[in-house]
Protein chains: 2
Amino acid sequence: MKKVTITDIAKLTGYSIKTVSRVINNEPNVREETRRKILRVIEEHNYSVNLLAKALRNSETRTVILFIDRRRGKYWNEWHDLMLKSFMVKLKERGYKVIISPSSGEEMINNDADGFHLLKSGLADGAIMFDVISNDCRVNYLRANNIPFVIIGKDKDFNDTAFVDLDNYLVGYIGAEYLIKKGYKNIVLFLGPKVFNVNRERAKGFEDACKKHNTAHSIYYGLSTIKEVYKMTHILLERAVVDSFFISGDDKALGAYRAIREKALKIPENVAVLGIDNLPSSEYMYPPLTSIDQNVEKFSEKAVNLLIEMMHSKKKSPQRIILTPKIVERQSV
Amino acid sequence: MKKVTITDIAKLTGYSIKTVSRVINNEPNVREETRRKILRVIEEHNYSVNLLAKALRNSETRTVILFIDRRRGKYWNEWHDLMLKSFMVKLKERGYKVIISPSSGEEMINNDADGFHLLKSGLADGAIMFDVISNDCRVNYLRANNIPFVIIGKDKDFNDTAFVDLDNYLVGYIGAEYLIKKGYKNIVLFLGPKVFNVNRERAKGFEDACKKHNTAHSIYYGLSTIKEVYKMTHILLERAVVDSFFISGDDKALGAYRAIREKALKIPENVAVLGIDNLPSSEYMYPPLTSIDQNVEKFSEKAVNLLIEMMHSKKKSPQRIILTPKIVERQSV
DNA sequence: CTGAAAGCGCTTACAG
DNA sequence: CTGAAAGCGCTTACAG
């Protein structure tokens, strides 16, 4: 069954390709009767525009690529899931298709399936980038080629790129202060891989607050899974000095909860746990997790608006939006 | 900055478009020296193939669409996230790009951003469909137009479609039997929306097992969020006859856990909770959740293999793969 | 080993 | 209100 094309419709109706094209695109200057006739034939033959051909002609695809770091999904956590869904709903509302590409900023894969390659070859109009690292090869390339993109996170390398970010320094800072004010004296911060800017910023804010208040503290990088957090919590509780865990990613807090219970300690009486992300499920943990919220909906809304603006205007006016984190108090601290 | 095309490279090197094309596609019959020369110019000018044009010519896009039900993500749960990631990794390994489209089977949206429309217009070679309903409009269309697709779930409407599914009848059946054998006497099953085939099948298996063993039971549909499960658990515990909750979707079990605790009841001594999905976090719940596993990796692997086979052969040989669920015993029953 | 021509399905000026 | 021609960037026969 061959696909029916605009030429077929033209032949079938006796009109020219151009007239059919006018009807399809709802352009003026077509007699009402002609329009009706053509529409009927289109309907009958179940014709629909070949987006490929259209995009080739217009050099506009109405597609956006979302880059998320690969590592086989290891670093792709529940916050990413939440953001993803939010982006997809919002972009679709605005008439954009979404391609998701697991690519990292560390190396450029020369593979037709790599989202990076898609952008080079004109299969998308713009990009949203997660998990940016220093000297990110994707950023370098997109910037050099004038392809519109918005970074989720800060960009330290250039000052002419657009980004939306949570104030991650502040996340670390207010988290530490909150624990300190509640009377905890030995705080541990668990973070994901050190390559990601976000983690280094949280660490900085955390450290500054602890130093200011002269509080014992330590930082552990590279804890990406619930299991790793579980094991590390056990190890640290062995030493019996830590009295509070500050965990980047609520989804991993469950690992700490379990280790703490296994040591027969009580949350928050003996040990506090403070999360980051404020996931929907955190409220249902036992005890309900106190966490630092980052308003996913607002985050994605800002990024989508920014990107669409950039794709339309094509002029460079890099905006940088910083969102403020907020502690949501529950019962784990 | 205009994008450099194959014509530019041809002019720049003095060779014909065709020869350049040969080099790009690694075809034989090019003198080594010619190849080197052309490759150098390609490199210098940062040329890359326009996938749009290539796809138009080849009528192959190497793209697969993943359909997930919309409803603003309400029914899109953690199991979907897991499957999604698994699909993306596997499809990428095979050289396919992934477009994710939140579309439901209930209505056909006439919007360029709807994944459904993308398929009609040749922007993808095949599709994987989640959350299929009876008389699903996407299935009807794809089938009528000979577009390769694999359903995640059973198809009751046609017998010439391909699908991979968990044996959901068995899920309901073994879940109920497991609870009954552990001595529970009044079982409640929580399910998502009734429109989805998967939920109706689980209900059927559950009911059959309960009837066989003459056990008191009831089924509640439309529980899609952790909050809804939380509230409903409270309501049912009020009546104080229910002694076990069988919950479709581990991520929602946390809601039941909380309600049970708030009634000062113990899991599993007073009330049992049995989940479905066996999510990574279930092991870390308190108490660790007993759940029915469905092997996400195997699931997606089968579906990807099936789809790729169909896209290549183009011949109709609908395969139907049924996976067997397995109870993973932990401490909540 | 290399190339000129035709065409994938559409739209953009331009002409009538 | 309608249409013929050119072209988007590529590949597929075909010819030499």
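Going through A:LYS266, A:LYS211 one at a time, which residue ends up being surrounded by fewer than 23 Cβ atoms within 10 Å (Cβ to Cβ), assigned to a helix (DSSP H, G or I) and more than 19 Å from the chain's Cα centre (by Cα)? Even if it seems obvious, please write down each step before you answer.
Values: A:LYS266 fails: assigned to a helix (DSSP H, G or I).
Result of the check over A:LYS266, A:LYS211: A:LYS211.
Which of the following residues is more than 18 Å from A:ALA124 (Cβ to Cβ) and without any contact (Cβ under 8 Å) to a residue 40 or more places away in the chain: A:SER86, A:SER21?
Numbers: A:SER86 fails: without any contact (Cβ under 8 Å) to a residue 40 or more places away in the chain.
Criteria check complete, one pass: A:SER21.
Which one is surrounded by the fewest Cβ atoms within 10 Å (Cβ to Cβ), of the residues in segment B:14-36 that are within 14 Å of another protein chain (Cβ to nearest Cβ) and near DNA strand D (Cβ under 7 Å from one of its atoms)?
Top of the filtered list is B:ASN25.
Condition test on A:ALA259, is it modelled with pLDDT under 95 and either part of a strand (DSSP E or B) or more than 20 Å from B:ALA253 (Cβ to Cβ) (or both)? Full working, then the answer.
Values: modelled with pLDDT under 95: no; either part of a strand (DSSP E or B) or more than 20 Å from B:ALA253 (Cβ to Cβ) (or both): yes.
When the stated conditions are applied, A:ALA259 does not pass them.
Quick check on B:LEU39: is it more than 9 Å from DNA strand C (Cβ to nearest atom), within 14 Å of another protein chain (Cβ to nearest Cβ), farther than 30 Å from B:ILE99 by Cβ and not in a strand (DSSP E or B)?
Working: more than 9 Å from DNA strand C (Cβ to nearest atom): yes; within 14 Å of another protein chain (Cβ to nearest Cβ): yes; farther than 30 Å from B:ILE99 by Cβ: yes; not in a strand (DSSP E or B): yes.
Against the criterion (more than 9 Å from DNA strand C (Cβ to nearest atom), within 14 Å of another protein chain (Cβ to nearest Cβ), farther than 30 Å from B:ILE99 by Cβ and not in a strand (DSSP E or B)), B:LEU39 qualifies.
Scan segment A:270-319 for residues that are over 22 Å from A:GLY249 (Cα atoms) and without any contact (Cβ under 8 Å) to a residue 24 or more places away in the chain and jot them down.
A:ASN305, A:GLU309, A:HIS312, A:SER313, A:LYS315, A:SER317
Among the residues of segment A:42-53, write down those that are at the interface with chain B (Cβ under 8 Å from one of its Cβ atoms) and not in a loop (DSSP other than H, G, I, E, B).
Within segment A:42-53, A:LEU51, A:LEU52, A:ALA53 meet the criteria.
Scan segment B:156-180 for residues that are in contact (Cβ under 8 Å) with a residue 60 or more places away in the chain, in a loop (DSSP other than H, G, I, E, B) and touching a Ser or Thr at 6+ places or on another chain (Cβ under 8 Å) and jot them down.
B:ASP167 - this is the single residue of segment B:156-180 that is in contact (Cβ under 8 Å) with a residue 60 or more places away in the chain, in a loop (DSSP other than H, G, I, E, B) and touching a Ser or Thr at 6+ places or on another chain (Cβ under 8 Å).
So B:ARG22 ticks every box in (1) more than 29 Å from the chain's Cα centre (by Cα); (2) more than 8 Å from DNA strand C (Cβ to nearest atom); (3) assigned to a helix (DSSP H, G or I) but one. Which box is left unticked?
It is condition (2) that B:ARG22 fails.
The values are calculated or read from the model by the stated rules, or taken from the named source; none is laboratory data. Predicted model, so just to flag it, every value in this text is computed and none were measured. Because the Cβ atoms are built from the backbone with ideal geometry, glycine has one as well, and the counts that use them run over all protein chains shown.
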